[in-house]
Amino acid sequence: MELAQTIDQLFSDRDRAAGEEHFAAFREFKQKLNAGEIRAAEKADGRWRVNHWVKRGILLGFRIGRLEDYSINDDFRFYDKSTYPPKRFGMGDGFRVVPGGSSIRDGCYVGRGVTCMPPMFINVGAYVDSDTMVDSHALVGSCAQVGKRVHISAAAQIGGVLEPIGEMPVIVEDDVLVGGNCGIYEGAIVREGAVLAAGTILTGGTPVYDLVKDAVYKKTEDSPLEIPPGAVVVPGSRAITKGRGAELGISVYTPVIIKYRDEKTDASVRLEDILR
Ligand SMILES: CC(C)(COP(=O)(O)OP(=O)(O)OC[C@H]1O[C@@H](n2cnc3c(N)ncnc32)[C@H](O)[C@@H]1OP(=O)(O)O)[C@@H](O)C(=O)NCCC(=O)NCCS
């Protein structure tokens with residue numbers, strides 16, 4: 001039986017106690033996640049689609065894992081699911097983990113040339129492609145898919161989307177700059193080469209105003225929020241125009257596409273690269 005089918009079957013049979021069949025399938029599943037051979041979401045013909053069975057496999061790992069002691073000594077204590085120990089990696093894997101309080105959970109892919117600055121955390125199901133920088137205090141949440149040469153700046157939070165199973169994880173395509181203190185949550189897709197200025201927050205419910213193309217981008221029932229390729233998004237605000245909010249002159253936060261990437265943006269972004 002195919003691994004996908006086995007996982008689906010074991011996942012749906014909730015009443016069956018975890019046995020060797022579960023653990024063997026999960027081991028194979030996790031090894032493929034670690035190798036980047038299977039992913040929580042994949043792009044085909046320009047569209048991202050969720051691999052539901054992969055998400056089920058990750059949830060299965062949580063269900064069958066028992067609490068395990070990962071403590072280093074009596075002072076540094078850690079406890080987590082036995083199915084999700086810290087990821088094992090070595091020199092041959094070709095990525096840098098600068099000494100400090102970082103953690104990479106088992107069951108995620110980290111490509112060659114990736115730099116991990118402490119402290120940062122990469123969660124299960126994440127895919128971090130080659131030459132990407134994950135700066136200090138950054139989170140790459142569960143199932144997040146991050147492209148090549150992405151800069152995830154200090155304290156940027158890429159939220160995890162494990163459940164509901166059909167929900168798109170956060171996607172950050174190649175050559176994106178995610179500025180310091182940004183937050184990308186609830187399955188937003190940031191297309192190739194886009195730039196999120198420091199402090200930009202994207203969620204499922206956030207409308208994004210494109211001042212260049214005179215458009216508003218929103219999540220719909222069947223498509224996630226998408227930031228177009230090369231867009232430069234800055235944190236902005238818009239006035240509430242109705243009701244009490246309008247009377248009080250209140251504004252709410254909104255991300256704004258102020259321009260599309262040009263030579264000036266490339267120069268601003270390149271400055272950040274010096275830190276690599
Ligand atoms: C977005 C960014 C890359 C600038 O891009 P740029 O293409 O050089 O932008 P420009 O200077 O051409 O600015 C275009 C317009 O956007 C405005 N703007 C630029 N950055 C902005 C910001 N962060 N917030 C609000 N407005 C901003 C400018 O004032 C300008 O407006 P104007 O035309 O009315 O004068 C930069 O602001 C930024 O956020 N860099 C990331 C910094 C960071 O997080 N580093 C991480 C270190 S770990």
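Please treat every number below as a calculation from the coordinates, not as lab data. The shown structure was predicted, so the numbers you read here are calculated from the model rather than taken from an experiment. Backbone-built Cβ (ideal geometry, glycine too); neighbour counts: all protein chains shown.
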Exercise. Once you sort the root eigenvalues of the Cα gyration tensor of the range 1-76 as a ≥ b ≥ c, which label holds: rounded (a/c under 1.5), prolate (a/b larger than b/c) or oblate (the other case)?
Worked result: oblate
Seminar exercise, completed: Length gained, residue 263-residue 3, 0.36 nm per residue minus C-alpha separation, equals 88.9 nm
Problem set entry | the range 143-208 and the range 90-132: distance between their alpha carbon centers, rounded to Å | 17
For this session: Assign one of three labels to the range 65-199, namely rounded, prolate or oblate, based on the Cα gyration tensor with a ≥ b ≥ c the square roots of its eigenvalues; rounded applies when a/c is under 1.5, prolate when it is not and a/b is larger than b/c, and oblate otherwise.
Result: prolate
Exercise. Using θ = phi - 60° and the Karplus form 6.51 cos²θ - 1.76 cosθ + 1.60, what ³J(HN,Hα) does each residue of the range 165-173 get, whole Hz, x for Gly and Pro?
Worked result: 4, x, 6, 5, x, 6, 10, 10, 7
Exercise. Looking at 67, 248, 188, which one has the Cα that reaches farthest to the positive end of the dipole of the chain (charges on Cβ: Lys, Arg +1; Asp, Glu -1)?
Worked result: 248
Exercise. What shape does the range 34-130 take by its C-alpha gyration tensor, where a ≥ b ≥ c are the square roots of the eigenvalues and a/c under 1.5 counts as rounded, a/b above b/c as prolate, and the rest as oblate?
Worked result: oblate
Problem set entry | Cross-link reach list, lysines versus residue 30, counting only Cα pairs under 28 Å and skipping chain neighbours closer than eight places | 43, 55, 81, 87, 148
Exercise. Taking Cα atoms, how many degrees apart are the long axis of helix 3-12 and the longest axis of the chain, rounded to 10 and kept between 0 and 90?
Worked result: 90
Exercise. If you place +1 on the Cβ of every Lys and Arg and -1 on the Cβ of every Asp and Glu, how big does the dipole about the Cα centre of the range 184-276 come out, in debye to the nearest 20?
Worked result: 260
Problem set entry | Cα-based helix-to-principal-axis angle, 263-273 vs the chain, degrees rounded to 10 | 40
Problem set entry | Positive minus negative residues near residue 162 (Lys, Arg vs Asp, Glu; Cβ under 11 Å) | 0
Exercise. Picking from 197, 144, 126, which is most flexible by a Gaussian network model of the chain using Cα springs under 10 Å?
Worked result: 197
Problem set entry | Per-peptide average of other Cβ atoms within 10 Å, ordering 179-190, 250-261 highest first | 179-190, 250-261
For this session: Quick one: net charge around residue 126, please, counting Lys, Arg +1 and Asp, Glu -1 for every other residue with C-beta under 12 Å from its C-beta.
Result: +1
Exercise. When the Cα atoms of the range 163-211 are enclosed in a convex hull and the volume is divided per residue, what value in Å³ results?
Worked result: 86
Exercise. Sorting 69, 129 on the 10 Å Cβ count, fewest up front, what's the list?
Worked result: 69, 129
For this session: Round to the nearest 10 and give me the degree value, 0 to 90, for the angle of helix 20-34's Cα axis relative to the longest principal axis of the chain.
Result: 40
Exercise. For residue 258, what is the net charge nearby, where nearby means another residue's Cβ is under 14 Å from its Cβ and Lys, Arg count +1, Asp, Glu -1?
Worked result: +2
For this session: Determine the gain in length on full extension of the stretch residue 223-residue 17; use 0.36 nm per residue of separation and subtract their C-alpha separation, reporting nm with one decimal.
Result: 70.5 nm
Problem set entry | the chain - charge dipole about Cα centre, Lys and Arg +1 at Cβ, Asp and Glu -1, debye rounded to 20 | 300
Exercise. Given 168, 153, 19, which one lies farthest toward the positive end of the charge dipole of the chain, if we put +1 on the Cβ of every Lys and Arg and -1 on the Cβ of every Asp and Glu?
Worked result: 153
Problem set entry | Residues with amide H under 5 Å from that of residue 172, placed H, sequence gap 5 or more | 145, 146, 147, 190
For this session: Could you pull out which residues in the range 99-118 have an amide N less than 15 Å from a spot 7 Å beyond the Cα of residue 77, following the Cα-Cβ vector?
Result: none
Problem set entry | Counting all C-alpha pairs of the chain, share separated by more than 34 Å (%) | 24
For this session: Output ³J(HN,Hα) for the range 214-227: one whole-Hz value per residue in order, computed from phi by the Karplus curve 6.51 cos²θ - 1.76 cosθ + 1.60 with θ = phi - 60°, and x for Gly and Pro.
Result: 6, 9, 10, 9, 9, 6, 10, 4, 10, 9, x, 5, 10, 9
Seminar exercise, completed: Cross-link reach from residue 264 to aspartates and glutamates, straight Cα distance under 18 Å and at least 8 residues apart if same chain, gives 175, 192, 272, 273
For this session: Averaging sequence separations of C-alpha pairs under 8 Å and six or more residues apart, then dividing by the length of the range 44-164, give the relative contact order as a whole percent.
Result: 16
For this session: Would you please put 199-209, 14-24 in order of how densely packed they are, using the mean number of other Cβ atoms within 10 angstrom per residue and starting with the highest?
Result: 199-209, 14-24
